[in-house]
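The values are calculated or read from the model by the stated rules, or taken from the named source; none is laboratory data. The shown structure was predicted, so the numbers you read here are calculated from the model rather than taken from an experiment. No Cβ is skipped: glycine too gets one built from the backbone with ideal geometry, and neighbour counts run over all protein chains shown. Ligands, DNA and RNA are excluded from the accessible area calculation, which covers all protein heavy atoms including side chains. Shrake-Rupley method; radii C 1.70, N 1.55, O 1.52, S 1.80 Å.
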Amino acid sequence: MKQNFEIAVFDGDGIGPEIMGPTVDILTRMAAASDDYGLSFTPAPAGAAHYAKTGESLPAASMETARNSDAILLSAMGLPSVRYADGTEISPQIDIRKELVLFAGVRPVTIQPGQRTPLDMPDGKAVDFVLIRESTEGLFYTQGKGEVTKDEARETLLITRDISEKLFKFAFNLAHDRKKQGRGPGRVTCVDKANVFRAFAFFREMFDAEAAKHPELTADHAYVDATALWMVMKPWEFDVLVTENMFGDILSDLGAGLMGGLGLAPSADIGLENAVFQPCHGSAPDIAGQGLANPLAMILSAAMMLDWLGLKHDNSAMARDGQRLREAVEHVVADGRVLTRDLGGTAGTAEAAQAVTDALFVA
Ligand code: ATP
C-alpha cells in the first residue's frame, strides 16, 4: 500500500530558498515515480528575513506545521545583518531542536574516491563514518543564560540520564542498521573526556550499559582530543562516534573539512518522533541571490530524510530511494564535470541540481 508523508519545508534565508527549490523538485519527481510512497510539502515561513518583515522569527503556525509533519526539511536560517535586540542572531533551527527534543545530531562524514579532500588518502581507502552529536544539553545547556560578572564567567555543562540513554540507544541502533546495510563493521565509539571530568565518566557509564545490550556490536571509548587527531590520521577506521554537544559541534566541522568543505556535508537532528534534515552550512549571504550555491549538501540531507522515513515506516522502497539519491550525488562528485565553485568547478546551482537529476533519471 502506498504510504503518504507530509514534509514541512523551511526554506529560510540567504541561499536557503535557492537550494531548497531544486531539492523539493527532485523529491517530488522521485515520489511521483514510486508506487510505494507519496510526499506532500507544506511551506513553513521562519528565519531572519521573516523576522525583519513581521517581528516573528518562528511563527507558532510554522512550529505546528513542523510538529505535525512526518519530517522537516530545513535549508539555512539566520543573517548577520538581522539580529534580536540583545545582538544575538536569529536561529529558529535551535528553537525547533529544543522544542521537539531532537537529541541526536547525525553528521555523516564520507569521502568517496575522486572527492576533493585535504587528506592524503591511501589507495583503495574510503571514509564512511557517522558522528552523533547530542544536541539538546551538554555545554550548550546554559546557552544565552551564562553568568558573567566583571571578574568571572560561568557556563554549566549538563548531562542527563534521560537524554544520554536515548542517545546511546540511537547510536547502537544506527550501527546495527549500518552493519546490516554493509556500510560499517558495527562499531560504536564513545567520545568523551572521562579522564578529567566526572560528568564524562557518568556519560561513559551509561554508554557501557547500552553497549552491554548489543553483544553483536563492538563498543569502545576515545578521548575527544585523540579523536580529533585520528579523524585526520586514519578516519577510515571509524564507524559510529557518539559525543556531547560542544565536542560534536567542533568535530562535525572538522568532518566537513575532511569532506572538502561545507558544500557536501549533510545533517539530521533526530528525536523519538520528529526529525529535521538540513545541510551543515549556513545561509551564505555572501553568495545569496547569484545562483552560485552548491545544492548537494541539501540534496544529501533529503536523501537522509528518505532513509529515515523508510526505516521508521518500514518502507524499503523509500529507503532504497534514499540510497539512490546519495549515489546520484556521489556520481556527480566523482565525475567532476559539473561542480559548483566551492568544489573547484564553474557550475551554478541549477546545473549542479540538473546533474543529480540526470544521474537519477537519465542514466
Ligand atoms: P552559520 O554560522 O549560520 O553556520 P557560517 O558563518 O558558518 O554560518 P556559512 O553561511 O556556512 O557561514 O558560509 C561560510 C562560507 O561557506 C561562506 O563563504 C559561504 O559562501 C560558503 N558556503 C556555505 N554554504 C555554501 C554552499 N551551499 N555553496 C557554496 N558556498 C557555500
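Values for this structure:
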{"read-out": "Highest to lowest packing among 300-312, 201-213, scored as the average C-beta count within 10 Å", "value": "300-312, 201-213"}
{"read-out": "Point-to-point label distance, ASP35-MET121, nm (Cα→Cβ direction, 7 Å offset)", "value": "3.7"}
{"read-out": "Carbon and sulfur %, accessible surface of the chain computed with the full protein complex present, 1.4 Å", "value": "52"}
{"read-out": "The range 282-350 versus the range 187-210: alpha-carbon centroid distance in Å", "value": "34"}
{"read-out": "Zone of ARG67's modelled label, taken as backbone nitrogen in the range 1-30 under 18 Å from a point 7 Å along Cα→Cβ", "value": "6-10"}
{"read-out": "Percent of beta bridges antiparallel (DSSP, the range 144-294, rounded to nearest 5)", "value": "40"}
{"read-out": "Equivalent ellipsoid semi-axes, the range 233-363, via Cα gyration tensor eigenvalues times 5, rooted, Å", "value": "24, 21, 15"}
{"read-out": "Accessible area in square angstrom per residue, the chain, 1.4 angstrom probe", "value": "45"}
{"read-out": "Other-chain or far-sequence residues with amide H under 5 Å of LEU241's (modelled H)", "value": "VAL130, LEU131, ILE132, THR189"}
{"read-out": "Rg/Rg_globular for the range 90-220, with Rg_globular taken as 2.2 N^0.38 Å and Rg from C-alpha atoms", "value": "1.26"}
{"read-out": "Tensor-based shape of the range 185-226 (alpha-carbon gyration tensor, a/c under 1.5 rounded, otherwise prolate or oblate)", "value": "oblate"}
{"read-out": "Net charge of Cβ neighbours under 15 Å - reference HIS50; Lys, Arg +1; Asp, Glu -1", "value": "-3"}
{"read-out": "Alpha carbon centroid spacing (whole Å) that separates the range 247-273 from the range 1-66", "value": "21"}
{"read-out": "MRE, 222 nm, helices only [DSSP H, n ≥ 4, -39500 (n - 2.57), over the chain, to nearest 500]", "value": "-13000 deg cm²/dmol"}
{"read-out": "Burial ranking of peptide ranges 331-339, 270-278, 250-258 (average Cβ count within 10 Å, highest at the top)", "value": "270-278, 250-258, 331-339"}
{"read-out": "Whichever lysines have a C-alpha closer than 30 Å to that of LYS150, once near sequence neighbours (fewer than 8 apart) are set aside", "value": "LYS193"}
{"read-out": "The chain: translational diffusion in µm²/s, Stokes-Einstein, Kirkwood Rh over Cα pairs, 37 °C, 0.692 mPa s", "value": "156"}
{"read-out": "LYS145-PHE197 FRET efficiency (beta carbon distance; Förster radius 22 Å; 0.05 resolution)", "value": "0.60"}
{"read-out": "Segments 152-161, 117-126, 131-140 sorted - mean Cβ within 10 Å per residue, highest first", "value": "131-140, 152-161, 117-126"}
{"read-out": "Computed lengthening from ALA317 to LYS180, 0.36 nm per intervening residue step minus Cα-Cα distance", "value": "47.7 nm"}
{"read-out": "In sequence order, calculated HN-Hα J values of the range 110-119 (Karplus, 6.51, -1.76, 1.60; Hz; x Gly/Pro)", "value": "10, 10, 8, x, x, 6, 5, 8, x, 7"}
{"read-out": "The range 55-111: relative contact order in percent, alpha carbon pairs under 8 Å with at least 6 residues between", "value": "28"}
{"read-out": "Members of LYS98/LYS125; LYS125/LYS180; LYS2/LYS125; LYS53/LYS312 lying beyond 29 Å, as alpha-carbon distances in this model show", "value": "LYS98/LYS125; LYS2/LYS125; LYS53/LYS312"}
{"read-out": "The range 183-245: relative contact order in percent, alpha carbon pairs under 8 Å with at least 6 residues between", "value": "54"}
{"read-out": "The range 147-288: C-alpha pair distances exceeding 25 Å, %", "value": "35"}
{"read-out": "Summed residue charge, Cβ within 15 Å of ASN68's Cβ, Lys/Arg positive, Asp/Glu negative", "value": "-4"}
{"read-out": "From phi via Karplus (6.51, -1.76, 1.60), per-residue ³J(HN,Hα) for the range 121-133 in Hz, x at Gly/Pro", "value": "7, x, 3, x, 8, 10, 9, 7, 9, 10, 9, 10, 9"}
{"read-out": "Under 12 Å from the Cα of LYS234 - aspartates and glutamates, other chains or at least 8 residues apart", "value": "ASP120, ASP128"}
{"read-out": "Beta bridges per DSSP with both ends in the chain, % antiparallel, nearest 5", "value": "45"}
{"read-out": "Label point distance in nm, GLU99-ARG161, each placed 7 Å from Cα along Cα→Cβ", "value": "3.1"}
